[in-house]
Amino acid sequence: QVQLVESGGGLVQAGGSLRVSCAASGPTLSAYTMAWFRQAPGKEREFVAAISWSVGNTYYADSVKGRFTISREKVKNTVYLQMSSLKPEDTAVYYCAAELAGWGKRGVHEYAYWGQGTQVTVSS
């Protein structure tokens, strides 16, 4: 079983930056795709960004492309989401997810493992 724990959420002003982290434990992650999703109150959970653990290739939702960067630090088994130029519409609970051989997947139901989320609030 893969366990994922998010941290680093908080309150930030519009235009500011924030980095959230996802610490992973369990089996070797070499064959996994790691991703970030977010969910605002009353809305569907949506894909944000993903990274292949082994190679580090990435892909993003159009809404965050150019503003957010996903990365991983292999020695720490940690995935990061660096968020810049934040907007109030970025306010959501941010979730870390993992899927075995999940490269290219963007759907909530295509990821098997999930963290509990961390709240990011962007004030205007």
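For the reader, a short list of remarks on this structure follows.
- Listed here are the strands (runs of 3 or more DSSP E) enclosed by the stretch 1-53 that have at least 1 residues being among the aromatic types (Phe, Trp, Tyr) and closer than 15 Å to TYR80 by Cβ: 32-39.
- Residues within the stretch 84-95 that are acidic (Asp, Glu) and either in contact with a Phe, Trp or Tyr (Cβ under 8 Å, 6 or more places away or on another chain) or surrounded by fewer than 21 Cβ atoms within 10 Å (Cβ to Cβ) (or both), tallied: 1
- Residue check, LEU81 assigned to a strand (DSSP E or B), surrounded by fewer than 16 Cβ atoms within 10 Å (Cβ to Cβ) and touching a residue at least 24 places away in the same chain (Cβ under 8 Å): no
- Selection of the stretch 1-49 for residues being among the polar types (S, T, N, Q), closer than 20 Å to GLU73 by Cβ and in contact with a strand residue (DSSP E or B) (Cβ under 9 Å, 6 or more places away or on another chain) yields GLN3, SER7, SER17, SER21, SER25, THR33.
- Within the stretch 6-39, the set of residues being closer than 19 Å to THR91 by Cα, of a type in the set (A, V, I, L, M) and under 14 Å from the mean Cα position of the chain (by Cα) comprises LEU18, VAL20, ALA35.
We did not get these values from a lab; they are worked out from the coordinates using the rules stated. Please read all numbers here as calculations on a predicted model, not as lab measurements. As a convention, Cβ positions derive from the backbone with ideal geometry for all residues, glycine included, and neighbour counts pool all protein chains shown.
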